[in-house]
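Working notes, beginning with the structure itself.
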Amino acid sequence: MHTGDNILKIRADKNLTRKELASAINRDEAFLTDVEERGIEPSVSDLLKIADVLDTDISALIYGKEFHKKGVVLTKADSRVRIDRRKSFDYENLAPYYSGRHIEPLLVEVYSGKSLEYSVHKGEEFHYVMEGTLKIIINEKEYILEEGDSIYFDSSFPHALTAVGEKAKILAAIYNSESMVHLSRSKKMTDLIQGAKHLGGMNLVIVIPNETAVEAANMAIKEDVVKKAFLIGDPDDLPKEWAAHRDVYEIVEIKKNVDNYDALCAGKGVEYIKTSKGDMLMKGNINTAVYMRAILNKQSGIGTGRRLSMVSMFEIPKLNRFIFLTDPGINPELTIANDIDTSRDIILNAIDVAKSMGVTHPNVAILDANEKPSEKIPTSIFARELSKMDWGDATVYGPLSYDLALYEESVKHKGLTNLPVAGKADILIVPHLAGGNFLYKAWAMTMSADVANVVLGANAPIIITSRSDSDMTKFLTLCASAVYSKYLQK
């Protein structure tokens, strides 16, 4: 079954007509006809919308079944899921529908290859040879396994396998203690991960790689979110972690002893995005000002003309939707030097991200102390001015207090149900960076909410990770950037 078959079945079970579903996701009926009857693959953004309307998870649309949290899951021979991961292997997942599993049971057909593909991850692996002869190299030592032989090893050692002869078939059980898809704490973020993996891998460009950037890239490579990564800088300065996936990385050499080293590396990174070699641009050990200058260069850069801004996406407890927060990291205030056009850019960036993540009609709340504009609070006047602008297929309203923006109980309690977006905001716009930073840290650190960050205003997602970011935040940031990159390419 393809994705369209799964959508058709679930839609019919929900007693929704094709026209009703198309209308709910802001698409025409012909689009769904192409998906359901002609096998046209919808974008991840559309899959997220459809999953939301059908009240299911994205895995049900891709694989035909929702993930099961606990219990017993039977996988029939005809419902195994094939995984296209590497050119020298064909995989079938034997337990694709058990969520939170710690072991990946796989049937793997291994082909003989000229170059070995090494892997490293925390955990353990067990391989049993069913057919043929297998050669496996673990920590530089070679092992030959015949039919009926098995091997168990610590997978934190660099390891690679190939067939001796044309092909071998093995049963593999892989325990990856760092598998991010199983560590996500929220349904929406799990959908984001599955959506990013469904893209088949995007190309990443890292400018002057440091340990933080390479570790994040390695996680995305292991989860098939990144299929190729370009490392721009001096090969002698590369963090050792890149060797874990040397078959995926390509080094673009610029020696450190040249003048304007940082600027040359940033320029080369931008060039790789501009020529479509890369889909996402990631900051490593480079001065932020130099990095941004290359991105926004009017002749050679990749700016869109909009102001750069950061959008952070969360899933907050008791709110069954993504909440997008901007700007918690780049712009000091929403309306800089009373420039309303800057405010509009920041809001439009957030609307674009929300749409890429499956929000059909984003509701945008401009936050302030309360819902009443006052000359004593200039930001509240700007909020009301922005509310009066034409936003197309989004609704923007402000000022609104935090509780009125997010919680319908507060709206009802105060008798303000007539206010647009009140109680149902998808996007929160903060008047100052400090407020956005407070909210970000309160949600991420105090509430332990998962978060992903995207920097917008360029022709590709801009990725800036911090050493203080958790592994999950780094990984989800790459997932969100991959989905948004694909959305930009539509």
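The values are calculated or read from the model by the stated rules, or taken from the named source; none is laboratory data. Everything numeric in this text was worked out from a predicted model, so none of it was measured. Reconstructed Cβ throughout: ideal geometry from the backbone, glycine too, with neighbour counts over all protein chains shown.
Values as computed for the structure displayed
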item: Subset tally (residues that are part of a helix (DSSP H, G or I), in contact with a helix residue (DSSP H, G or I) (Cβ under 9 Å, 6 or more places away or on another chain) and without any contact (Cβ under 8 Å) to a residue 60 or more places away in the chain) for the range 3-40; result: 24
item: Residues that are within 25 Å of the chain's Cα centre (by Cα) and among the aliphatic types (A, V, I, L, M), drawn from the range 253-280; result: 266, 270, 273, 280
item: Among residues of the range 442-473, those that are part of a helix (DSSP H, G or I) and farther than 20 Å from residue 216 by Cα, counted; result: 3
item: Condition met for residue 477 (in contact with a helix residue (DSSP H, G or I) (Cβ under 9 Å, 6 or more places away or on another chain), among the polar types (S, T, N, Q) and buried (at least 22 other Cβ atoms within 10 Å of the Cβ)); result: yes
item: Contacts under 7 angstrom Cβ, first residue in the range 376-394 being outside the structural domain of residue 355 (by TED's automatic domain parsing), partner of a type in the set (Val, Ile, Thr) and surrounded by 15 or more Cβ atoms within 10 Å (Cβ to Cβ), 6 or more apart; result: none
item: Looking only at the range 59-87, and only at residues there that are buried (at least 17 other Cβ atoms within 10 Å of the Cβ) and closer than 21 Å to residue 15 by Cβ, the one that is modelled with the lowest pLDDT; result: 65
item: Search result, residues across the range 385-401 that are among the aliphatic types (A, V, I, L, M), part of a loop (DSSP other than H, G, I, E, B) and under 20 Å from residue 356 (Cα atoms); result: 394
item: Residue within the range 10-23 that is out of contact with any Ser or Thr (no Cβ under 7 Å at 6 or more places or on another chain), at pLDDT 90 or above, small (Gly, Ala, Ser) and surrounded by 14 or more Cβ atoms within 10 Å (Cβ to Cβ) present; result: yes
item: Residues within the range 227-250 that are at pLDDT 95 or above and of a type in the set (Val, Ile, Thr), tallied; result: 1
item: Residue within the range 189-202 that is under 29 Å from residue 50 (Cα atoms), in contact (Cβ under 8 Å) with a residue 60 or more places away in the chain and out of contact with any helix residue (DSSP H, G or I) (no Cβ under 9 Å at 6 or more places or on another chain) present; result: yes
item: Whichever residue in the range 199-217 is assigned to a helix (DSSP H, G or I) and surrounded by fewer than 22 Cβ atoms within 10 Å (Cβ to Cβ) and, among such residues, is farthest from the chain's Cα centre (by Cα); result: 211
item: Every residue from the range 150-170 that is over 21 Å from residue 123 (Cβ atoms) and not β-branched (Val, Ile, Thr); result: 163, 165, 166, 167, 168, 169
item: Test: residue in the range 250-263 that is touching a residue at least 24 places away in the same chain (Cβ under 8 Å) and either crowded, with 23+ Cβ neighbours inside 10 Å or closer than 23 Å to residue 193 by Cβ (or both); result: no
item: All positions within the range 218-235 that are assigned to a helix (DSSP H, G or I) and closer than 30 Å to residue 259 by Cβ; result: 235
